[in-house]
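To start, the structure itself, in structure tokens.
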Amino acid sequence: MDTTQAALLGMLAGAVIAGSITAVIFLAVRARERASEQTSVVVPAGVREVLHGMDDAAVVVDTSSTVLAASAAATPFHLVEGEVLPADELRAIVRTVRTTGAGVTDTLRLRRGASPAEPRLVAVRATRISPRLTLVVLRDITERERVEQMRRDFVANTSHELKTPVGAVTLLAEAIESAADDPEQVRIFSSRLTAEASRLALLTSRIMNLSRLQAADELTDERDVAVDEIVASAVDAHAIQADSAGVTMVRGGKRGLYVRGDAQVLGEAIGNLLANAIAYSPEGSNVGVGVKLSEGVVEIAVTDRGIGIPEGDQERIFERFYRADQARSRRTGGTGLGLSIVKHAVQRHGGEVTLWSRPGKGSTFTIRLPAIAPPDDVPKKPKRRKKKAAAAAAAPAAPAATPENGVTA
């Protein structure tokens, strides 16, 4: 082998060795990159910008379900960067995605905002970004489902509930025509016709009020509302009913509290509770309205000493047209819509209504609403000196506090 051939052979061997070394280095770098991808918890570039531009709540979480990046809409659901997902259901979805590698879609009820806000119906979609990162997107579908349910309820309920008074009006009109020659019968039928017409008007009005509460996205006259104002208005509006029934209304609790909302809607909600309490209370008993502040929540409790509500009916008592005592409702002229209106009115204000009741002992309905600070233009009342014990003893006794809420009426 001459010198030239040896040189060429050496160059070829060097090239092969260099290529082999390069390939080994390349494979090592790729393996290192893959290993880094498997263990990295760094949010990929551009993901935060995409999240910030989304209208839906969306977060990126790691294997410990800790939020690494979040959209602005995620904050009301308590999805905050650096904190663990608050709901067990969300953490279970993330674990499923990480285990199977496939996307997961589910519908959950999650609380949006601070207590006592009602849980919201949320469509959740989780997708794996990398072996250690998962994207979770939440879409609030409460309003869509509520409107659809409202449409179904309106058609079903109106067709069922309106046919009774409409049929009665038709029959009474025919009876009046048949008894045209008998003035006494005409007066009797006319009186019953007037009662049925009034019942029909009340039922129609309440159906429209309830439908408006369910359909409206925002309150029409939202402002800072004094709780004293709406409670006093509701008590005054039902004074005649209470006098006729021989029932005494007693008001007590903390004064000077404020909430944010529509005074008319809140007043009607408290009024409906008072009307029910009076209607179901025995003559000579008390109906109490108590107000207190507990951990930033205003609690307005309406307590009666009436017949109470059986435990089996308490879960359905807020449904449209549901009546725990059908016979009593017919005698009192109830429509079965009052408590449903209360529930939706309170939900519209970011609150909730709860019930404590025992058959034979009475019931307490408590409206819980987020409290706000008094407006700046409200003058502060000077502190009053405590009245003497004799004056306190002379005051009418209020109904006892219920075990659940401790609000004296």
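For region 108-118, indicate whether the set of residues that are part of a loop (DSSP other than H, G, I, E, B), free of Cβ contacts under 8 Å to residues at least 24 places away in the same chain and acidic (Asp, Glu) is non-empty. No: zero hits.
Which residue is surrounded by the fewest Cβ atoms within 10 Å (Cβ to Cβ), if the candidates are limited to region 202-236 and must be at pLDDT 90 or above and of a type in the set (A, V, I, L, M, F, W, C)? Looking at the filtered set, the residue picked out is 232.
Could you list all residues from region 281-319 that are hydroxyl-bearing (Ser, Thr, Tyr) and either without any contact (Cβ under 8 Å) to a residue 12 or more places away in the chain or assigned to a helix (DSSP H, G or I) (or both)? Spell out how you get there, then give the answer.
If we filter region 281-319 for residues that are hydroxyl-bearing (Ser, Thr, Tyr), which is where we start, we get 281, 285, 294, 303.
Matches in region 281-319: 294 only.
A search for C-beta distances below 9 Å between a residue of region 245-265 that is crowded, with 20+ Cβ neighbours inside 10 Å and any residue that is of a type in the set (Phe, Trp, Tyr), counting only pairs 6+ apart in sequence or on different chains, returns nothing. Residues satisfying the criterion are absent from region 53-71 (criterion: crowded, with 16+ Cβ neighbours inside 10 Å and part of a helix (DSSP H, G or I)).
The values are calculated or read from the model by the stated rules, or taken from the named source; none is laboratory data. Keep in mind it's a predicted model, so treat the numbers as computed, not measured. FYI the Cβ positions are ideal-geometry reconstructions off the backbone, even for glycines, and counts take in every protein chain you see.
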